[in-house]
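Down below is the structure, laid out as structure tokens.
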Amino acid sequence: LVFVRSSKAIYDFLELLRWFYYSIIILCTNNVISGVSNWIEGFRKGTNFPQADDLNGAAQALVRLQDTYQLDMPSLAQGNVMPSQQLSAENEQAFQSTSQLSARDMLFMGRHALSQGLYHRAIDWLQHAELLANGEMNSSSVLSEISPSLQNAIEAHDDVLERQGPRGVSWKTNPIPINPALANSAKYSLNTSTTFHVKLYQRQTEEEEAEHFLRLCRGENIRVNTCKVIPSFCHGIFQQMKRALILFQPPVLTAALKCRLKTDTSPYLLISPLKIEEQSHDPYVVIVHDFITSSQADEIIKLGKPKLFRSRHRHHQDEVMDVVSHKRVSQNAWIKDWEHPLMHKVTRRVYLVTGLKAIQPKEAEDYQIANYGLGGLYVPHTDHLMNNPDKSIYSPWERFVGDRIATLMIYLSDVDGGGATVFTRAGVTLWPEKGAAAFWWNLDKSGIGDDNTRHGACPVLHGNKWVSNKWIRFNEQFNTAPCGRHPLDKHKRP
């Protein structure tokens, strides 16, 4: 499925495989060919043949994508994935699938939206399913399923809205009930429109963080507008504006941001200077363009593919590392510096860019290769891990190497739609660009974690996203990144 680029096409492909498999099983059973049926079942269990869970996962991802990027529902039913805003560093575009959704597909999506607590989206899916069914031949059976499902969704929507309000961590509804009798009540007669309030550089509730995450993923600029002309060689988020290289952002946050060539850390850089694009000064986030070549990016993907497994993450309460959940939907692999000559070259370039030691295991972790496919995402989190004041809960090795002082993330592929890296407290959006690397400091100069580095990976709408992370540890950097004179001092390089 890595080679199927469209989210809609992946769903169609899985559904076709499931239908094909069960058709063969029924045919074999009807003809009493038990040996063939048993062989097929054994083949299915012994390979990566898609299971029912895969189809359910694809449906959940498509529902999540529709909610995140506010995809136009009628167009989506026609197989046209049309985001509301530009979702990549390239020109805005729609993605056309080779097939359309049926009424039963829409019913399937509506049920999944309901199970995910997206009550308003469930009603949208089911209403459009009903419209489609009315125009389809022999649709009486599916209509008999849609009507009660739609009624249940409306009742659940209004009940949750009445008891819990229009939005929470695990649910969303419209601001007004669907039932006219409830909608005309006094509590909804006032202006119920919810206004989004930007909340940067301060603690956010889970609901606020989720809203910032979604808006940044959709490409919204949540900073106050102003303008600043920028150099022509900067082509990251600046190129997407398509307005004669004029960036609209607030002066207090962006007036000092620069695009520059860095040559002062090594004679090698006099020949091949680093192309630095500053994205934020607090936290300090930069993009290094052309960090590696396109062929090197392809080679790293080739090294990581055979080792891929489902990504896990550390649980935020009990510090357990071995957790699989919908908070992180991706696959990853680990590559050591000595496994291939290319990785050693990349690590040397990490040092040229950051000035941080990253070769030995006590200096930095192995390279993590991550692949985000259909709907793949990682909800906002921090890369620094040792947040508990009681350091005894961490392993002896973690206490020896220290926390993650910095992150260097290499984009190994372009992404057709979605897949941005967003910093919810800083209002920063980084669009994937093959060969570029993003760098930021997770700790300040006193070794304390900077919570303004909370960031997430937005869902991939179209295509595939490949990245490689290099997490650099704190304790061995006492010479390369010394402590500051003031407890609030922060690192400001490269």
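Within segment 141-162, residues that are closer than 19 Å to Pro180 by Cα and at pLDDT 95 or above have Cβ atoms under 6 Å from residues that are small (Gly, Ala, Ser) and in a helix (DSSP H, G or I) in these pairs: Ala153/Ala122, counting only partners at least 6 apart in sequence or on another chain. Among the residues making up segment 393-403, those that are under 27 Å from Arg203 (Cβ atoms) and open to solvent by 20 Å² or more (accessible area, probe 1.4 Å) are Ile393, Glu398. From the list Leu126, Leu101, Leu118, Leu114, the one residue that fits, being touching a Gly at 6+ places or on another chain (Cβ under 8 Å), under 16 Å from Ile178 (Cα atoms) and not charged (D, E, K, R), is Leu126.
Residues in segment 424-444 include none that are of a type outside the set (Val, Ile, Thr), outside the structural domain of Asp54 (by the TED database), more than 29 Å from Ile222 (Cα to Cα) and touching a residue at least 12 places away in the same chain (Cβ under 8 Å). From the list Asn152, Asn174, the lone residue that is assigned to a loop (DSSP other than H, G, I, E, B) and open to solvent by 50 Å² or more (accessible area, probe 1.4 Å) is Asn174.
Listed here are the residues, each with its yes/no results for (1) of a type in the set (Phe, Trp, Tyr); (2) crowded, with 23+ Cβ neighbours inside 10 Å; (3) over 30 Å from Ala58 (Cβ atoms).
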| residue | (1), (2), (3) |
| --- | --- |
| Ala438 | no, yes, no |
| His455 | no, yes, no |
| Leu461 | no, yes, no |
| Arg473 | no, yes, yes |
| Pro482 | no, no, yes |
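Scanning segment 282-309 for residues that are in a strand (DSSP E or B), out of contact with any Pro (no Cβ under 7 Å at 6 or more places or on another chain) and of a type in the set (A, V, I, L, M) gives Val285, Ile287, Val288. Taken as a whole, the condition of being touching a residue at least 12 places away in the same chain (Cβ under 8 Å) and crowded, with 24+ Cβ neighbours inside 10 Å applies to Ala420. Scanning segment 427-472 for residues that are of a type in the set (A, V, I, L, M, F, W, C), under 13 Å from the mean Cα position of the chain (by Cα) and part of a loop (DSSP other than H, G, I, E, B) yields Trp431, Cys458. From the list Leu412, Leu488, the one residue that fits, being open to solvent by 40 Å² or more (accessible area, probe 1.4 Å) and aliphatic (A, V, I, L, M), is Leu488. Residue count for segment 121-148 satisfying the condition of being open to solvent by 20 Å² or more (accessible area, probe 1.4 Å) and in a helix (DSSP H, G or I): 16. The set of residues in segment 477-494 that are over 31 Å from the mean Cα position of the chain (by Cα) and of a type outside the set (Val, Ile, Thr) comprises Phe478, Asn479, Pro482, Cys483, Gly484, Arg485, His486, Pro487.
The values are calculated or read from the model by the stated rules, or taken from the named source; none is laboratory data. Remember, predicted model here, so these are calculated numbers, not experimental data. Reconstructed Cβ throughout: ideal geometry from the backbone, glycine too, with neighbour counts over all protein chains shown. Heavy atoms of the whole protein, side chains included, go into the accessibility calculation; ligands, DNA and RNA do not. Shrake-Rupley method; radii C 1.70, N 1.55, O 1.52, S 1.80 Å.
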